[in-house]
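The values are calculated or read from the model by the stated rules, or taken from the named source; none is laboratory data. Only a predicted model underlies this, so the values are computations on that prediction, with no experimental measurement involved. Backbone-built Cβ (ideal geometry, glycine too); neighbour counts: all protein chains shown. Surface accessibility is based on the protein's heavy atoms, side chains included, excluding ligands, DNA and RNA. Shrake-Rupley method; radii C 1.70, N 1.55, O 1.52, S 1.80 Å.
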Amino acid sequence: MSAPCGTAMLTAAAQARVAAVGALPAAPGLDVAVVVAHLDAAAFIRGAAGFALAVPEGLRDGWYRTFTRTVFLAGQPAALAGRHPYQHVTPDGQLAWYGPAPRRALTSLSRLLRAFSGPAPMEAPAGELAVTVPGPPTGHHVEVALAVGGVSTGAYLVHVHHLVAEASLRGLIRPGDTLLVEHRPALATADFRDALDPTRAGSAQTRIAPARTGAGDLRLFGVLTSNRHGGDH
């Protein structure tokens, strides 16, 4: 597929996402913070889904309206628990989630810790990951493709968390599902025409963001497909 066609597909898919979020009823914007002691890709993906699925119904729209805005901070969740109790934590205690809450409620945590950083590019796992979401097994598989070529660890956290959290809020991921995760150097738009088609967005979630070319180009960083049909939140 030619570059202009690919750009048009990404633009249309991104605009459809913005329109879906804008169509939600007005709600105060909410943020999330994640404290990371050590990054394991499978644990992070499982934790992101588990956290998003556990967000109370009354807070979902507020977080979704900020496009699931999240900040990633370096620290030890156990050492912070006294002053900053978390809402969700991985079994090994290496990742913890806080919120959704108004930004001011997370300010003290953000001021206490520095942004989490890591290798650039991201040290992606080799081979396919099978990540089971907490909950009774459903036997349902969700396919996830992630672009990691030239992607820093910090950017990886952002892209993957948006993808998985929004898919979970929409019902494309449910407790007990298994996510089949593949890391690739790049995701070609031609390989994901159905997922990028706005008329078929009900069964797909994409992560599209500016490329680091300085030319205003868009890049496809993640695609999640499910045979379920999800809502807007």
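The table that follows gives values for the structure above.
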| read-out | value |
| --- | --- |
| At most 12 other Cβ within 10 Å, DSSP loop - trypsin sites (Lys or Arg not before Pro), the range 12-88 | Arg83 |
| The range 6-226 - percent of accessible surface contributed by carbon and sulfur, probe 1.4 Å | 55 percent |
| Long-range HN-HN contacts of Gly118 with modeled amide H, under 5 Å | Thr153, Gly154 |
| Simple label model, 7 Å out from Cα along Cβ direction - Arg200 to Leu24, nm | 2.6 nm |
| Computed lengthening from Ser152 to Ser108, 0.36 nm per intervening residue step minus Cα-Cα distance | 13.2 nm |
| Rg/Rh (Cα only; Kirkwood hydrodynamic radius) as it applies to the range 6-226 | 0.94 |
| Cut-off 12 Å, label 7 Å out along Cα→Cβ of Arg184, residues of the range 143-176 by amide N | 144-149 |
| Cα gyration tensor of the range 55-101 - equivalent ellipsoid semi-axes, whole Å, descending | 22, 11, 10 |
| Karplus-derived HN-Hα couplings along the range 202-207 (A = 6.51, B = -1.76, C = 1.60, θ = phi - 60°), whole Hz, x at Gly and Pro | x, 10, 9, 10, 10, 10 |
| Accessible surface, per residue, of the range 1-154 when the full set of protein chains is kept, probe 1.4 Å, Å² | 49 Å² |
| Crossing angle, helix 41-54 versus the chain [Cα axis fit, 0-90 degrees, rounded to tens] | 80 degrees |
| Cα gyration tensor shape for the range 140-199, rounded if a/c is under 1.5, else prolate or oblate | oblate |
| Virtual spin-label span in nm between Ala126 and Arg83, 7 Å along Cα→Cβ | 4.3 nm |
| Anisotropy class of the range 1-107 from Cα gyration tensor, a/c 1.5 cut | oblate |
| Local electrostatic count at Ala145 - Lys and Arg +1, Asp and Glu -1, tallied over other residues with Cβ under 12 Å | -2 |
| Residues with amide H under 5 Å from that of Leu218, placed H, sequence gap 5 or more | Ala211 |
| Separation between Cα centres of the range 8-37 and the range 135-156, rounded to whole Å | 18 Å |
| The chain - mean residue ellipticity at 222 nm from DSSP helices (-39,500 (n - 2.57) per run, n ≥ 4, rounded to 500) | -9500 deg cm²/dmol |
